[in-house]
Amino acid sequence: MILFIKDILPTVWVQNLESVAYQMSAIVRARKTEGVGYLRRGKHAAVRFGAIIERGGSGQIRHSEDNVELNDFISSNQTLWKYVAFLFALLCPQEANIMLTVPEELRIFGGIFTAGYWNLGPASRLHRDNRDWRWCCAIAFGEFSEGKLDFPIINTSVGIMRCDMCFFWSKMLYHTVVDADVNRQTFILTNHTAVIRRYNKDVDHRCYDHQ
């Protein structure tokens with residue numbers, strides 16, 4: 001359910017992520033309404049990247065490459081995304097093979113992940129990510145010294161610091177961030193179930209076991 005890897009990300013790649021995020025943060029925080037890719041939930045601001053299926057509409061796939069600013073954020077960090085995808089394929093090869101059935105143009109994060117979320121501050125609300133397909137990957141960055149990814153239902157918490165990485169079942173496990181500095185930011189790599197299902201009709205998406 002939880003795979004935590006400490007000090008696995010090269011510092012230079014995390015610094016690059018922080019640099020690009022710093023350049024974009026003023027633009028994101030200035031957004032007053034929700035647009036393509038930009039989300040505001042009360043005081044919590046986040047940016048959505050990648051492919052999603054429209055709800056209650058045409059069922060078309062929308063993706064953030066339509067937004068030049070977001071596309072620059074993605075392309076500037078491709079080395080990091082590819083590294084995370086490589087590690088995921090080693091740890092979870094069966095899930096990775098299912099993800100690879102999605103068209104390549106949608107797998108914009110390292111050739112495996114189709115969606116990403118940049119949380120500009122600690123996401124302190126207890127929740128499950130019901131739209132995610134099984135696993136997600138959390139990468140913490142920014143100027144911070146404290147912060148834990150907490151799973152209260154299973155009485156487990158993980159202290160994710162810079163250059164750490166944590167894979168976990170975001171659709172199944174209730175989680176939140178506790179004891180975090182206000183400057184702690186997180187990038188989440190994942191896939192939406194609806195996108196995976198569109199290209200994998202025979203996979204039992206209700207099951208959390210390895211196929």
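Summary of computed values
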| read-out | value |
| --- | --- |
| Test: residue in region 87-100 that is under 16 Å from ARG131 (Cβ atoms), crowded, with 18+ Cβ neighbours inside 10 Å and at pLDDT below 85 | no |
| Any hit, region 71-85, residues being more than 17 Å from TRP135 (Cα to Cα), aliphatic (A, V, I, L, M), out of contact with any Lys or Arg (no Cβ under 9 Å at 6 or more places or on another chain) and modelled with pLDDT of 90 or more | yes |
| Region 153-192, residues that are among the acidic types (Asp, Glu) and within 21 Å of ALA45 (Cβ to Cβ) | ASP179, ASP181 |
| Single condition ILE153 does not satisfy, out of (1) β-branched (Val, Ile, Thr); (2) within 14 Å of the chain's Cα centre (by Cα); (3) closer than 13 Å to LEU126 by Cβ | (2) |
| Strands (runs of 3 or more DSSP E) wholly inside region 75-182 containing at least 2 residues that are over 22 Å from GLY50 (Cβ atoms) | 148-151, 156-158, 176-178 |
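The values are calculated or read from the model by the stated rules, or taken from the named source; none is laboratory data. This structure is a prediction, so every number in the text was calculated from the model and none was measured. Quick reminder, even Gly has a Cβ in these numbers, built from the backbone with ideal geometry, and neighbours come from all protein chains shown.
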